[in-house]
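Structure record follows, encoded as structure tokens.
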């Protein structure tokens, strides 16, 4: 933590902050000022102004696909938020969620009621998700770099104290680095491995009914097996507890100044290979931002609405692939009962080579054991709303495919691999407790589909 961050007071909140973007051009990878977020004290009337030099750069990143598109942007003119919104979605996505907010409050030794929203934007640090940073001014330095994996045991201890609402002693302040950079409500941190590659580590929570590292690791392994793009993952034992590590897909490695080639996944190159010495950052926005929604209206959204936004706002080269993968994700969530599938858990990355957005790799898939015979996802699935059945998912096939047969083939592929779910979780050391929990989360085809659809799916391969 820098002295600027440690001594910064929010008794009088700043009315403007500088938004930086990480760009790769002219042999350099660096943060540069992208624009100013102003009038923060006027309740919903904030403006963002792109810098004229920024929009003229070789590789400027789009801050917000709805309210702040780069197409036609010349810079220097204040831009207002999209109608009905009180935040710029692209900048909101650079702010911490529930866990990150708790970390920041503990670090600053204040309650949530004492901090203005702008404090969370600033204090999230420069290793936050995506390619943006928010600082008090254009001349402000970056803050909060990630720890290394050798610090995992200390990070776990600090996370436990924060979750228990205990004040973390000052001597452990360095371990706050990276703890508040990611979204979600569960304890997590960003760490770097021995090669400098950035990973997200997810720690256990005190009220877990089974080992979440095994549950999510197995679910992501299953997702990869059905053809869904998933970054590298690992499960390690730290202090007698298992933690899940997921490679950060919003970072890539290349020669200095090079953007990621079109459509390439970020983990396909590592530092240390020939001429690969610089870390680049990838712009990211949530599905909520791509759809131009706020927290309230997002509650009533659907997978079909995400598909509509993909068609309207994503790069044409990958629309068909992204629609098919989004459908596969919906089907997988139905099967494993991942009901934490809200719009912040679906994201899009900015493909700099194509100057457009495409669906991000998958993250945050956690099977949930519930007693109810009728189960529901967070997002609407089909014509029967949020009801988690395969018939309901298939009812909206025209949003994703040009034919019902195409949707049926993808559904069949996900279901067939899901029948062999046990091996994916045993590979991460699932215990009897974990498997018992999973058996109440992952359902058989007869529990998911009508007799007619069940017969149809069983007959696909015949």
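Read-outs: derived from the displayed coordinates by stated rules, not from any lab. Just so you know, these numbers come straight off a predicted model, no measurement behind them. All Cβ positions, glycine included, derive from the backbone under ideal geometry; neighbour counts span all protein chains shown.
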May I ask you to order 375-387, 248-260 by the average number of other C-beta atoms within 10 Å around their residues, highest value first? 248-260, 375-387
Rounded to the nearest Å, what's the spacing between the alpha carbon centres of the stretch 39-92 and the stretch 278-340? Just the number, please. 22 Å
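Ratio of Rg to Rh for the stretch 283-350, alpha carbon only, Kirkwood?
Numbers: Rg = 11.6 Å, Rh = 12.3 Å.
Radius of gyration relative to Kirkwood radius: 0.94.
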Over what distance in Å are the Cα centres of the stretch 394-436 and the stretch 198-239 separated? 17 Å
What the 5 Å binned alpha carbon P(r) of the stretch 1-136 shows, as percent of pairs per bin from 0, is 2, 10, 20, 22, 20, 14, 8, 4, 1
Quick check on the exposure proxy: order 423, 186 from fewest to most C-beta atoms within 10 angstrom. 423, 186
Grab the alpha carbons of the stretch 283-458, take their convex hull, and tell me the volume per residue in Å³. 125 Å³
Rg to Rh quotient for the stretch 359-451, alpha carbon positions, Kirkwood Rh: 0.98
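For the residues 316, 342, 424, 80, what sequence is obtained by ranking on other C-beta atoms within 10 Å, fewest first? Mind dumping the intermediate values first?
Numbers: 316 9, 342 18, 424 22, 80 14.
Least crowded to most crowded, the residues run 316, 80, 342, 424.
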Going fewest to most other Cβ atoms within 10 Å around each Cβ, 63, 282, 310 line up as 282, 310, 63
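Can you quote the Å³ per residue value for the convex hull of the Cα atoms in the chain, rounded to an integer? Walk me through the intermediate numbers first.
Values: hull volume 68.5 nm³, N = 462.
Per residue, the Cα convex hull of the chain comes to 148 Å³.
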